[in-house]
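Trainee: Sharing a structure below in structure tokens format, with a few things to ask.
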Amino acid sequence: MFTVKRLFSTSHPSVDSKEIKKFQLLAHKWWDEEGEYSALHSMNDIRVPFIRDTLLNMSSNYHLGNPLSGVKILDVGCGGGLLSEPLGRLGASVTGIDPLEDNIRTADQHKSFDPVLAKRIQYKSSSLEEIVEESMETFDVIVASEVVEHVADLEMFIKCCSQVLKPEGSLFITTINKTQLSYVLGIVVAEKIMGIVPEGTHEWEKFVPPEELERLLESNGFSVKTVNGMLYNPLSGSWSWMESTSINYAMHAVKSGARGQSSPTDALSELESEQPSATAGTAV
């Protein structure tokens, strides 16, 4: 335990200072559904059910009103809370972290409008490395959506995820493949021509092929269970699943655990008698 703390306490190698400056300018824009983050708002239509249904398929017990009740989720790079909030409405206990204080301020302010979310979600201006120091094997689920293409050290990022995730816990990642097509659509079209996201948001060199991500996960104690292609339609502003992973993709991996150990998804039923379903929001 001591050696792990020493390893992660001296620096924040996964945080890229250039990325921080880039997103600082947009910190107040997160909840503008027609603005720079509109594609992330509509991505919730497929990423939230993907997370929810994957977890429910791994568990035998859950609340109809609060299907993720009792599940502890870490939302890494939470931004303004666009994904943390719908996960909280599904009953999960969510910790959202982001190294940019202005993002956390925006997320906290928006959460305060809903008393249910105020109880279920906590936000911290923190790097993943700082969370490692205080939360060893704490979380049932980690979500890193549209994050890994912005980190400075991807393998260190994955190692940190493993440190704070319980054995047999789930890691969900969405990101962009490193292909010619992703360069044309993700940067030339999305940034330079259509302005779907601000110019300079992405660097093609930091895009991650699914094969590379899978290799890094497998070599750090994860078993990759699912890889699904994702397609954004800029005309309708909607996302859909597709077989090809040549542009965007979602991945689900499970951290290896000791044989005979109960799965963290059993947490779905642990608090059954304590969680009132009347206060739950509807599934997204």
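Trainee: Can you give the extra length, in nm with one decimal, that the chain gains between residue 212 and residue 241 once fully stretched, where that is 0.36 nm per residue apart less the Cα-Cα distance?
Mentor: Contour length minus Cα-Cα distance gives 8.3 nm.
Trainee: Next question, about the same structure. Could you look at the stretch 54-184 and say what percent of its accessible area is carbon and sulfur, using a 1.4 Å probe and all protein chains?
Mentor: Roughly 46 percent of what the probe reaches on the stretch 54-184 is carbon or sulfur.
Trainee: Then there is this: Over the stretch 107-251, how many pairs of lysines fall under 27 Å by alpha carbon, counting only those 8 or more apart in sequence or from different chains?
Mentor: 16
Trainee: Taking 0.36 nm per intervening residue step and subtracting the Cα-Cα distance, what contour gain separates residue 205 from residue 28 on full extension?
Mentor: On the way: separation 177, 0.36 × 177 = 63.72 nm, distance 2.75 nm.
Gain on stretching residue 205 to residue 28: 61.0 nm.
Trainee: Viscosity 1.567 mPa s, temperature 4 °C: what is the translational diffusion coefficient of the stretch 64-194 from Stokes-Einstein with a Kirkwood Rh over Cα pairs, rounded to a whole number of µm²/s?
Mentor: D, rounded to a whole number, is 83 µm²/s.
Trainee: FRET efficiency for residue 194 and residue 256, Cβ-Cβ distance as r, R0 = 51 Å, nearest 0.05?
Mentor: Once rounded, the FRET efficiency stands at 0.75.
Trainee: Can you give the FRET efficiency for residue 233 and residue 136, using 1/(1 + (r/R0)^6), R0 = 35 Å, r = Cβ-Cβ distance, to the nearest 0.05? Display every interim value, and only then the final one.
Mentor: On the way: r = 42 Å, r/R0 = 1.19.
Working from the Cβ atoms, E equals 0.25.
Trainee: What length, rounded to one decimal in nm, is gained on full extension from residue 223 through to residue 38, with 0.36 nm per residue of separation minus their alpha-carbon distance?
Mentor: In short, 63.4 nm is gained.
Trainee: So who's got an amide H within less than 5 Å of the one on residue 15, skipping anything under 5 residues away but keeping other chains? H placed 1.01 Å off N, in plane.
Mentor: Here the answer is 152, since their amide H atoms fall under 5 Å of that of residue 15.
Trainee: Taking θ = phi - 60°, what integer Hz values does the Karplus form 6.51 cos²θ - 1.76 cosθ + 1.60 yield along the stretch 50-55, in sequence order, with x for Gly and Pro?
Mentor: Values per residue, Gly and Pro as x: 4, 5, 4, 5, 4, 5 Hz.
Trainee: Please work out the FRET efficiency for the pair residue 184 and residue 60, using the Cβ-Cβ distance as r and a Förster radius of 45 Å; give the result to the nearest 0.05.
Mentor: Calculated transfer efficiency: 0.50.
Trainee: Follow-up. Once you have the Kirkwood Rh of the stretch 151-226 from its Cα pairs, apply Stokes-Einstein at 4 °C and 1.567 mPa s and quote D in µm²/s.
Mentor: Value of D from the Cα-based Kirkwood radius: 93 µm²/s.
The values are calculated or read from the model by the stated rules, or taken from the named source; none is laboratory data. As the structure is a computational prediction, the values presented were derived from the model and not from experiment. Every residue, glycine as well, gets a Cβ built from its backbone with ideal geometry; the counts of neighbours run over all protein chains shown. For the accessible areas, the whole protein counts, side chains as well, though only heavy atoms, and no ligand, DNA or RNA atoms are used. Shrake-Rupley method; radii C 1.70, N 1.55, O 1.52, S 1.80 Å.
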